[in-house]
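Q: My questions will all concern the structure given below.
The values are calculated or read from the model by the stated rules, or taken from the named source; none is laboratory data. This one's a predicted model, so the numbers in the text were calculated from it and none came from an experiment. All Cβ positions, even for glycine, are placed from backbone atoms using ideal geometry, and neighbour counts span all protein chains on display. Ligands, DNA and RNA are stripped out before the accessible areas are found, and what is left, the full protein with its side chains, is counted by its heavy atoms. Shrake-Rupley method; radii C 1.70, N 1.55, O 1.52, S 1.80 Å.
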Amino acid sequence: APCRDWRQELGGGGRGVSERRMAVVGWGYVGASRGAALVEQGHDVIGTTTTLARCAELERRGIRPVVVDLADEACLTAMLHDRDRVYLTVAPGGPDRSYRDVYLEGARHLLASVGGAAVSRIVYTSSTSVYGQRDGRWVDEDSPTEPVSERGQVLVETERTLLDGARKLGIVATVLRV
């Protein structure tokens with residue numbers, strides 16, 4: 001779907017002392033929960049979706065919707081230019097989108113779009129599948145990432161790409177494995 005001119009459609013608005021401009025990229029279960037909490041805290045939130053049908057839901061929650069494909073770097077750049085923080089909470093698309101396309105390539109497109117933007121932090125939701133341990137052992141953030149599935153391998157590569165790319169841009173990146 002083409003990028004709509006969200007600046008004209010959504011208007012401006014003043015920023016309160018504690019208000020931040022946030023973007024939740026990916027409107028699934030995690031993105032919807034995070035977006036709702038951010039609005040409740042008084043932040044200005046943009047939420048992305050890949051379908052027009054989801055826009056009404058975002059608006060009902062106080063989220064300003066933008067229909068965007070992560071491969072559309074021009075749209076992402078325009079959308080993110082004044083955002084302070086980005087939550088990357090994408091989920092696998094349909095059967096025509098591979099994990100590599102959605103996660104790894106999506107992260108690369110996001111990084112290409114935030115250079116020169118106001119973004120100071122990116123929070124990415126990954127998965128515990130990056131650990132690969134299936135024998136009941138305790139895992140934490142210091143456990144080795146030894147994914148057994150191709151999907152887990154893609155997620156590890158996405159995490160590394162995002163952390164390294166953000167560091168090079170002077171952006172703090174955080175990975176949450178849920």
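Q: Only helical DSSP H runs with n ≥ 4 go in: add -39500 (n - 2.57) per run for the chain, normalise by residue count and round the 222 nm mean residue ellipticity to 500 deg cm²/dmol.
A: Mean residue ellipticity, 222 nm, calculated: -10000 deg cm²/dmol.
Q: Once the piece of chain linking ASP82 and LYS168 is laid out straight, how much longer is it, given 0.36 nm per residue of separation minus the C-alpha distance between them?
A: Gain on extension, ASP82 to LYS168, equals 29.0 nm.
Q: For the residue pair ARG60 and GLU157, what label-to-label distance in nm results when each label sits 7 Å from Cα along the Cα-to-beta-carbon direction?
A: The two pseudo-label positions are separated by 3.9 nm.
Q: Taking a spot 7 Å from the Cα of ALA91 along the direction of its beta carbon, which residues of segment 122-164 have an amide N less than 15 Å from it?
A: 125-127
Q: Order the peptides 58-68, 33-43 from the highest to the lowest mean number of other Cβ atoms within 10 Å of their residues.
A: Going by the mean number of other Cβ atoms within 10 Å, highest first, we get 58-68, 33-43.
Q: Please give me the summed charge of the neighbours of ARG160: other residues whose Cβ is under 13 Å from its Cβ, Lys and Arg +1, Asp and Glu -1.
A: 0
Q: For LEU70, what is the net charge nearby, where nearby means another residue's Cβ is under 11 Å from its Cβ and Lys, Arg count +1, Asp, Glu -1?
A: Cβ neighbours under 11 Å give a net charge of -3.
Q: Further question: Give me the percent of accessible area attributable to carbon and sulfur for the chain, probe 1.4 angstrom.
A: 50
Q: Please give me the summed charge of the neighbours of PRO92: other residues whose Cβ is under 10 Å from its Cβ, Lys and Arg +1, Asp and Glu -1.
A: So the environment of PRO92 carries a net charge of +1.
Q: In Å and from the alpha-carbon atoms only, list the Rg and Dmax of the chain.
A: 16.3, 54
Q: Now, a different point. What's the ranking of 159-167, 138-146, 74-82 by average number of surrounding C-beta atoms within 10 Å, highest first?
A: Order by mean packing, descending: 74-82, 159-167, 138-146.
Q: Still on this structure, please answer the following. State the answer as a single residue: which of ALA78, CYS55, VAL67 lies farthest towards the positive end of the charge dipole of segment 41-101, with beta carbon charges of +1 for Lys and Arg and -1 for Asp and Glu, about the Cα centre.
A: Toward the positive end, the furthest listed residue is CYS55.
Q: About the Cα centre of segment 46-178, what is the dipole size in debye to 20, counting +1 per Lys and Arg Cβ and -1 per Asp and Glu Cβ, all else neutral?
A: Charge dipole, segment 46-178, about its Cα centre: 300 debye, nearest 20.
Q: Residue by residue through segment 133-142, what is 3J(HN,Hα) from phi via Karplus (6.51 cos²θ - 1.76 cosθ + 1.60, θ = phi - 60°)? Round to whole Hz and write x for glycine and proline.
A: Ordered by residue, 3J(HN,Hα) equals 6, 10, 9, x, 5, 6, 10, 9, 5, 8 Hz.
Q: Taking H placed 1.01 Å from N in the peptide plane, check which residues at least 5 places from ARG177 or on another chain put their amide H under 5 Å from its amide H.
A: Under 5 Å from the amide H of ARG177: SER126.
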